[in-house]
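Peer 1: Pasting a structure here, questions to come.
Readers should treat all values here as calculations from the given coordinates under stated rules, not as data from a laboratory. Just so you know, these numbers come straight off a predicted model, no measurement behind them. Backbone-built Cβ (ideal geometry, glycine too); neighbour counts: all protein chains shown.
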Amino acid sequence: MPSCIAPGCHVDGYRRGAMDERELDQGIAGAAGAHQRLLARLDAHPDFDQQQPSLLPDWTVGHVLTHIARNADSMIRMLDGLDQYEGGLEGRRADIEAGAGRPSGELIADVRSSIWRLEQRWAQETAWDGPPARATVGDVPRHALPSRRWRETEVHHADLGFGYTFADMPDDFVRQELRRMEMQWKARQPMGLTTLPDAVLHLPPPERLAWFMGRISIDGVAPAGVI
């Protein structure tokens with residue numbers, strides 16, 4: 001994957017010809033599949049309590065679903081040349097808090113409509129022309145946005161606690177994210193100490209990814225510290 005996906009990377013002189021079309025196609029297809037899996041699960045369980053705790057500390061199911069919807073809108077904002085979230089991270093937090101308490105039907109409708117808007121924007125060829133996207137972590141190539149959305153959807157689907165787990169995630173997604181996160185983990189270690197602990201290496205790939213993303217802990221092993 002291009003090094004410019006790293007936080008804070010800036011791409012100068014961006015041209016459509018420099019776009020990684022393979023990553024773009026994979027990201028769009030992967031995110032679209034993740035969207036449909038999430039919507040199918042929500043449609044099968046429409047009467048959940050939005051106040052029930054999610055698997056994320058201090059977040060309810062309503063918080064997670066509101067974040068998924070606002071993240072989709074933030075992807076459209078970046079394709080429109082705007083900052084990812086109006087008001088930055090504080091604006092993001094406020095929007096999530098404001099929407100978290102809505103009834104389940106409203107939350108599902110919000111997630112669905114935000115997905116439709118985002119996929120319609122992706123279908124416009126001009127979406128991929130222009131300068132790098134202004135994400136909260138720094139500038140990123142536009143063609144990397146669908147992969148980021150795929151990641152958000154898969155991981156937060158699991159965070160809902162509705163039965164979808166890292167073991168249910170597509171193999172290609174797990175492989176892709178393990179490569180990315182292992183590179184990040186190694187880059188943050190002292191020189192010469194970049195071998196993963198044996199306890200991590202012996203985990204099945206989905207569980208290893210869950211550890212990297214801070215969703216599980218391993219006795220005697222420090223948290224990965226990357227997300």
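Peer 1: Give me 85, 164 ranked fewest to most by other Cβ atoms within 10 Å of their Cβ, as a rough exposure proxy.
Peer 2: Details: 85 22, 164 17.
Ordered from fewest to most neighbouring Cβ atoms within 10 Å, 85, 164 come out as 164, 85.
Peer 1: Report, to two decimal places, the Cα Rg of the stretch 100-140 normalised by 2.2 N^0.38 Å (N = number of residues).
Peer 2: 1.60
Peer 1: Run the dipole for the chain about the Cα centre, Lys and Arg Cβ at +1, Asp and Glu Cβ at -1, nothing else charged, and hand back the magnitude in debye, nearest 20.
Peer 2: In total the dipole reaches around 400 debye.
Peer 1: Over the stretch 93-164, one equal point on each Cα, no solvent: what is log10 I(q)/I(0) by the Debye formula at q = 0.23, 0.26, 0.27 Å⁻¹?
Peer 2: So the normalised log intensities are -1.26, -1.31, -1.32.
Peer 1: Based only on Cα atoms, what Rg/Rh ratio does the stretch 142-227 have, Rh being taken as Kirkwood's radius? Each step should come with its number before you reach the end.
Peer 2: Details: Rg = 13.2 Å, Rh = 13.6 Å.
Using Cα coordinates only, the ratio equals 0.97.
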